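Before any comments, here is the structure.
The values are calculated or read from the model by the stated rules, or taken from the named source; none is laboratory data. Just so it is clear, the model here is predicted, and its values are computed rather than measured. Ideal geometry is used to build each Cβ from the backbone, glycine not excepted, and the neighbour counts take in all protein chains shown.
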């Protein structure tokens, strides 16, 4: 099994060193072993877990959802299909945010487009926000 320093792990997963330390602190990432000089040492299991966490975060899962997914991945007492519920709920949240962003886009487009039609001495954007 290969051993990685925190810097090597950071580069392999494109994750900042403080983030790795934070994930370890909040127990998303198992604690690293320590060298004789007290430097953190990570192995392939850490690399796999960190890649899982980074991919989950890139998909927008929050840390609690990531924690639940890790638990489902590692606990034999639970059905891995429970992850479907977490992902389905997250998908609904994403779809709702998309709708909100589309409404925001429409409102901002209307405000920006109104600038060309108004009084040259008045800002339509500021008037719209008032």
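From the list 69, 91, 108, 104, which residue is within 16 Å of the chain's Cα centre (by Cα) and either assigned by TED's automatic domain parsing to the domain that holds residue 129 or touching a residue at least 60 places away in the same chain (Cβ under 8 Å) (or both)? Please lay out each step first, then the result.
Values: 69 fails: either assigned by TED's automatic domain parsing to the domain that holds residue 129 or touching a residue at least 60 places away in the same chain (Cβ under 8 Å) (or both); 108 fails: within 16 Å of the chain's Cα centre (by Cα); 104 fails: within 16 Å of the chain's Cα centre (by Cα).
One residue alone meets the criteria, 91.
Residue check: residue 19 meets all listed conditions (1) surrounded by 15 or more Cβ atoms within 10 Å (Cβ to Cβ); (2) touching a residue at least 12 places away in the same chain (Cβ under 8 Å) but one, namely (2). Condition first: touching a helix residue (DSSP H, G or I) at 6+ places or on another chain (Cβ under 9 Å), at pLDDT 95 or above and surrounded by fewer than 14 Cβ atoms within 10 Å (Cβ to Cβ). Now tell me which residues in the range 60-86 satisfy that. Within the range 60-86, 60, 62 qualify. Considered as a group, the residues in the range 87-114 that are surrounded by fewer than 13 Cβ atoms within 10 Å (Cβ to Cβ) and farther than 28 Å from residue 57 by Cα include one that is modelled with the highest pLDDT, and that residue is 106.
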